[in-house]
Amino acid sequence: MEQWEIRQPKLTHVLKNTDENLFQELAKDFSAIIGSPVKVSIVKEKERWMIFYNPSGEGLFRFYISLHDPSMKEYLTSDFELDRPVIQIHELFVHPIGQGLGTQLIFKLLDRIQDTKFELIVLRAESERAARFWIKFGFEYKEDTTPYMPSMSLDLVPIQRRTTPVVKIQFKQTST
């Protein structure tokens, strides 16, 4: 008689021990940065959480990330093997651009998640300008990525080991 083994992926301690209040607090931080209320919606699935900021698309700010459990071997849109806890950035939209709001938002995200167990952030840069934006935070191109929408990543482990907080950038306004 033939036996089949059916493996059910097990949720690791990372998602089990992730406090969703972290993302509620981030919404408050984001509100302070952009100067208007930010709504958050958290959808919990078996092996990932999806977190939407301003999910209905109202306003001039949208941010969508997902948290992935390493029991998933690969997540198709990132081209990365998920052998450790991963945060994937799907979308960041801020208007107006060029005023440092996106930079402040990402620095706040990095500051808040440095005490979590997530080890990697992955994303796809949709343009050369977007890639330059992510490079200033330390994101690097994946070796075998597509040139059309390159995959990029940021290793969080060195950030988590820092004894000083993430460097903050202060922008000077120039007169025209």
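Every read-out reported here was derived from the displayed coordinates using simple, explicitly stated rules and does not represent laboratory data. Quick caveat, the model's predicted, so the values are computed rather than measured. Reconstructed Cβ throughout: ideal geometry from the backbone, glycine too, with neighbour counts over all protein chains shown.
Per-residue extension of 0.36 nm, minus the Cα-Cα distance of A32 and D155, leaves a gain of 41.6 nm for this segment. Computed extension length for H95-K39: 18.5 nm, one decimal, from 0.36 nm per residue of separation with the Cα-Cα distance subtracted. Arranged from fewest to most other beta-carbon atoms within 10 Å of their beta carbon, M50, M152 become M50, M152. In plain terms, the residue of I33, I106 with the fewest other Cβ atoms within 10 Å comes first and the most crowded comes last, giving I33, I106. Summarising the label geometry, the points placed 7 Å from Cα in the beta-carbon direction at R129 and E20 lie 3.6 nm from one another.
Students often get this wrong, so check it: of K16/K44; K28/K108; K46/K136; K16/K46; K44/K142; K16/K117, which have C-alpha atoms separated by over 22 Å?
From the list (K16/K44; K28/K108; K46/K136; K16/K46; K44/K142; K16/K117), the Cα-Cα distance tops 22 Å for K46/K136; K44/K142.
Each of D69, D111 was scored by other Cβ atoms within 10 Å of its Cβ. Listed from fewest to most, they are D111, D69.
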